[in-house]
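One structure below.
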Amino acid sequence: MLRHSKTRATAPDDEAGHGIGRVTRRIFLLAAVVAGGVGAWLALGGYFMTHNVALYKTVRADSIYDERYPPQNAVDGDHANIESRWLSARTNSLDWTSTPHWIEIDLGQAYTITGIRFWTGAHGEYKWQPSDFVFQAFGDGDWMDVISETGNDNAVFERKFPPVETDRVRLVATRGTDIGALRLYEIEVLGY
Ligand SMILES: [Ca+2]
């Protein structure tokens, strides 16, 4: 009887304990689902809310071919007009390792960037895009490579990358394709 009584006495407590545990687990599960959902929503929102954070920002470059083609042309929002391009000075070699052609964009504030897109206007016989280049972001007092590309043959280059927080970026080209100059109709830095 005693054993029977104890069994009867403890069973409801155990059930109650399990009940509380289930409730607690459900609360944690619900919190995790909500937190995950909010996180995913923010990430997704950030992804879809990206825009060109380089537009009309301050730029500088290693050189210009002449004053008609300043680096500001590469961030004026026009990637099609031949008058709206940055053109570097010519280098008498396709290997620009010793004197890279580069453009640097001061974003004006910190952004989370997730991709770039640039147009070289290269089409038909014209192939003036950078073949070897790095796209870098400034952070922790130094430049870090976000994209390192060799053998690029795309007139329009587009690349997504994991989010990087920065207020300054640059494209540094160390090799060209057909001529010793870099021309860039437009470069977009996608971020939020
Ligand atoms: Ca332009």
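Brief remarks follow.
Every residue, every condition in (1) at positive phi; (2) at pLDDT below 95; (3) out of contact with any Asp or Glu (no Cβ under 9 Å at 6 or more places or on another chain); (4) assigned by TED's automatic domain parsing to the domain that holds ALA181, yes or no:
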residue	(1), (2), (3), (4)
ILE64	no, no, yes, yes
PRO70	no, no, yes, yes
THR99	no, yes, no, yes
ILE105	no, no, yes, yes
GLN109	no, no, no, yes
ASP132	no, no, no, yes
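- Filtering ARG183, ARG159 for residues that are basic (Lys, Arg) and touching a residue at least 60 places away in the same chain (Cβ under 8 Å) leaves a single hit, ARG183.
- Odd one out for PHE133, checked against (1) more than 17 Å from the chain's Cα centre (by Cα); (2) more than 22 Å from TYR56 (Cα to Cα): (1)
- Each residue in region 135-192 was checked for being touching a helix residue (DSSP H, G or I) at 6+ places or on another chain (Cβ under 7 Å) and away from the ligand (no atom under 16 Å from the Cβ), and 1 pass.
- The conditions of being closer than 18 Å to ASN52 by Cβ, assigned to a loop (DSSP other than H, G, I, E, B) and among the polar types (S, T, N, Q) are not met by ASN92.
- Residue within region 76-99 that is within 16 Å of the ligand (Cβ to nearest atom), free of Cβ contacts under 8 Å to residues at least 24 places away in the same chain and not aromatic (Phe, Trp, Tyr) present: yes
- Candidate set: region 171-192, residues that are assigned to a loop (DSSP other than H, G, I, E, B) and of a type in the set (A, V, I, L, M); chosen: the one farthest from the chain's Cα centre (by Cα): ILE179
The values are calculated or read from the model by the stated rules, or taken from the named source; none is laboratory data. Note that the coordinates shown come from a computational prediction; the quantities given were computed from them, not determined experimentally. Note: ideal-geometry Cβ built from the backbone for every residue, glycine included; neighbour counts use all protein chains shown.
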